[in-house]
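Trainee: Starting off with a structure, shown below.
Here, each number is a calculation from the coordinates, and none is a lab measurement. Worth saying up front: this structure is predicted, and the values here are computed from it rather than measured. Cβ sites come from the backbone with ideal geometry, for glycine too, and all protein chains shown count toward neighbours.
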Ligand SMILES: Nc1ncnc2c1ncn2[C@@H]1O[C@H](COP(=O)(O)OP(=O)(O)OP(=O)(O)O)[C@@H](O)[C@H]1O
Ligand SMILES: [Mg+2]
């Protein structure tokens, strides 16, 4: 618990090939090492302070789910065991162990495969205004956080400024091709449904979740992280009460804190104070324990 957050990684002093908001990527040619750091983003900005162990938690949760759904669709995971990584990584065990995945490098689709089983966030906003979500017309009378009769595929693309824009499944088909769009969205719906049922038995509602797919040698591959608190809305089932927003296992303390600071959402964030860091870490640990059944990382 008194270990430091790992917000930046390096390989023998060399910077990662690419840095996402949360992950550092090391390009090995046909493979990648994806390292989940302890960085946390909110409102599209990364905080200067990290959440200790968050990267390990996200990677371990993803690994749990990859194992549960491996029969549904091919995924990018090769190994999370450092012994299978190039030796340079093994020489920096403290930095990489538990938070890194060796994966097949894929050609990624510029579409995010969002699956919603409940009405929240931008889905709820659109429904309130138009009665639809990404081209799906839904029955009248739903309220915020209502369960949908069937999970729906509500794709999104990234604008050049990095913001997500919701699109219809037809539009997604035009971007990536009908055939792959159908295959990937069907796989996403199946993975979501499997995860929803597994999570339900553990007292968690998977409200919605985002998948990323790519292709490798012409074959569809499920990539990135899956079914983590960063890519999903998880709700404690015991407190579920439609008609308003639900408490969740994610960044609520961070968002709430930032809202109290007067931060303009358009410049570097003020650093999170220690109590917000610790409470957020606990939320991530709670999700990890509930999902995987493990107490320790
Ligand atoms: N198997 C894979 N092959 C190629 N790229 C992958 C693979 N798996 C994940 N990625 C990419 O790795 C990156 C993960 O980094 P991270 O999640 O931090 O990025 P992000 O914050 O979601 O997005 P951005 O890159 O816009 O910051 C994403 O761009 C994702 O698309
Ligand atoms: Mg990401």
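Trainee: Just how many % of Cα pairs in the chain lie over 35 Å apart, if you round to the nearest whole percent?
Mentor: 16 percent
Trainee: Please express the Cα-Cα pair-distance distribution P(r) of region 39-159 as a list of whole percents, one per 5 Å bin, running from 0 to the bin with the greatest distance.
Mentor: 2, 8, 13, 14, 15, 16, 14, 8, 5, 3, 1, 0
Trainee: Hey, what's the Kirkwood Rh for region 143-297 if you take every pair of different alpha carbons, in angstrom?
Mentor: Here the Kirkwood hydrodynamic radius works out to 17.8 Å.
Trainee: Could you pull the Cα extents of region 119-208 along its three principal axes, largest to smallest, in whole Å?
Mentor: 37, 30, 26
Trainee: Okay, next question. Return the calculated 222 nm mean residue ellipticity for the chain, to the nearest 500 deg cm²/dmol, obtained by summing -39500 (n - 2.57) across DSSP H runs with n ≥ 4 and dividing by the residue count.
Mentor: Roughly -10000 deg cm²/dmol at 222 nm, from the helical runs in the chain.
Trainee: Over every pair of different alpha-carbon atoms in region 13-87, take the mean of 1/r and invert it; report that Kirkwood radius in Å.
Mentor: With all distinct Cα pairs of region 13-87 included, I get 14.0 Å.
Trainee: Based on the mean of other beta carbon atoms within 10 Å per residue, what is the order of 272-278, 191-197, most packed first?
Mentor: By packing density, highest mean first, the sequence is 191-197, 272-278.
Trainee: Between Rg and the Kirkwood Rh of region 170-224, both from Cα atoms, what is the Rg to Rh ratio?
Mentor: 1.06
Trainee: Same structure again: Taking the mean number of other Cβ atoms within 10 Å as a proxy for protection, how do you rank 77-84, 99-106 from highest to lowest?
Mentor: My ranking of the peptides, most packed first, is 99-106, 77-84.
Trainee: Taking the Kirkwood radius as the inverse of the mean 1/r across Cα pairs, report the Rg/Rh of region 219-297.
Mentor: Here Rg/Rh amounts to 1.03.
Trainee: Whole Å is fine, so just give me how far the alpha carbon centre of region 176-236 lies from that of region 94-125.
Mentor: First find each Cα centre; the distance between them is then 8 Å.
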